[in-house]
């Protein structure tokens, strides 16, 4: 039996990161016994059925390093200093610690873009020198690593390959349905939220759709969802804990208005037409790759009628990915599995 420590932004209530963990666990060989570093070990064990320890429990982490064989960064934008300058030093420090203990080190399905500080950039470059196996989920990350002299596998985000089910409580709600997944952001101020709210009310009235307000990270997103819910007739807040159910939710929606990165991944993979609000380079890269309509947060129209009209035109004339396209992308996403063969 091979014992593997899995490290990521887990147990923090973020549906996208939990989906990455679920995909990683789905792809791990049966002889690998994972232990997950989590912000809420009890929740992680309940949702994923896997052993977990506290991400800040340094004594328990040291014990695991002594008896484990493999250390895995489990996907996502871990080495970034946009949300916190501490983040790259936490994840990078653990990677270097694992390397010191002689573990096989794997950086799996990484996204590397938001490195603004010179110190964090230099530290990140040093950390990747300690990685034995490396894959990234976008060409921008690959180009950065190649400029540093590191080779890597490149494949779409692993969540394309996550299994899904219809456990989300939406199937009794009226169709057609449109999902909206927003998140807080410094540029998404009160005035821009008012524009979105007014545009959604007009859009719902014109199309008679049922609006699903999907907080991917309820602790952070629910306040926006509740504000919109109070204003929009025929809307429902739908928070889904299990990643497989969260992905399955998008099988039941005609269109997704997504700010959260993985709301767009899940929507695209389930043949939902996606309109993006770009707040991060990873969203911009996804928009470019799939020619998605949308705009940057800073460029949202100031007139709600303009925004509503853009959504109406896409709702009527937009096209989703075909099953053949989705199958091809999913097959490519499974390239990340190669790193887990040991």
Problem set entry | Square roots of five times the Cα gyration tensor eigenvalues for region 2-154, Å | 23, 16, 16
Exercise. Which ordering of 89, 250 is given by a fewest-first count of other beta-carbon atoms within 10 Å?
Worked result: 89, 250
For this session: Grab the DSSP H runs of the chain that are 4 residues or longer, score each as -39,500 (n - 2.57), total them, divide by all residues and round the 222 nm result to the nearest 500 deg cm²/dmol.
Result: -13500 deg cm²/dmol
Seminar exercise, completed: With the 8 Å Cα cutoff and a minimum separation of six or more residues, region 177-319 has a relative contact order in percent of 28
Seminar exercise, completed: So, relative contact order of region 109-209 in percent, Cα under 8 Å, 6 or more apart, is 23
For this session: Could you please rank 12, 266, 95, placing first whichever residue has the fewest other Cβ atoms within 10 Å of its Cβ?
Result: 12, 95, 266
For this session: Taking every pair of alpha-carbon atoms in the chain, give the share separated by more than 39 Å as a whole percent.
Result: 14
For this session: Could you give me the percent of Cα pairs per 5 Å distance bin for region 148-220, shortest bin first, beginning at zero and ending with the bin that holds the maximum distance?
Result: 3, 10, 14, 18, 16, 13, 13, 6, 4, 3, 1
Exercise. Hey, with R₀ at 25 Å, roughly what FRET efficiency would residue 193 and residue 291 work out to, going by the Cβ-Cβ distance, to 0.05?
Worked result: 0.40
Exercise. When ranked by the protection proxy of mean other Cβ atoms within 10 Å per residue, highest first, what sequence do the peptides 69-76, 142-149, 218-225 form?
Worked result: 69-76, 218-225, 142-149
Exercise. What percent do you get for the relative contact order of the chain when only Cα pairs under 8 Å and 6+ apart count?
Worked result: 17
Problem set entry | Backbone N under 13 Å from the residue 69 label point (7 Å along Cα→Cβ), restricted to region 25-43 | 29-34
For this session: Calculate the spin-label point distance for residue 205 paired with residue 317, positioning each point 7 Å from the Cα along the beta-carbon direction, and give it in nanometres.
Result: 2.4
For this session: Kindly identify region 44-102 as rounded, prolate or oblate by the Cα gyration tensor criterion: order the square roots of the eigenvalues as a ≥ b ≥ c, call it rounded if a/c is under 1.5, otherwise compare a/b with b/c, prolate if a/b is larger, else oblate.
Result: oblate
Problem set entry | Ascending count of other beta-carbon atoms within 10 Å, so fewest first, for 183, 122 | 122, 183
Exercise. Which distance in Å, rounded to a whole number, links the C-alpha centroids of region 189-213 and region 112-158?
Worked result: 38
Exercise. Residue separation times 0.36 nm, minus the C-alpha to C-alpha distance between residue 119 and residue 40: what's the value?
Worked result: 25.4 nm
Seminar exercise, completed: region 147-283, Kirkwood Rh and Cα Rg, ratio Rg/Rh at 1.00
Exercise. Taking springs between alpha-carbon atoms closer than 10 angstrom, which of 332, 66, 166 fluctuates most in the Gaussian network model of the chain?
Worked result: 66
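Each value in this text was obtained by applying a stated rule to the coordinates, not by laboratory testing. The structure displayed is predicted, hence computed values, not measured ones. Cβ coordinates were reconstructed from backbone atoms using ideal geometry, including for glycine residues, and neighbour counts include every protein chain displayed.
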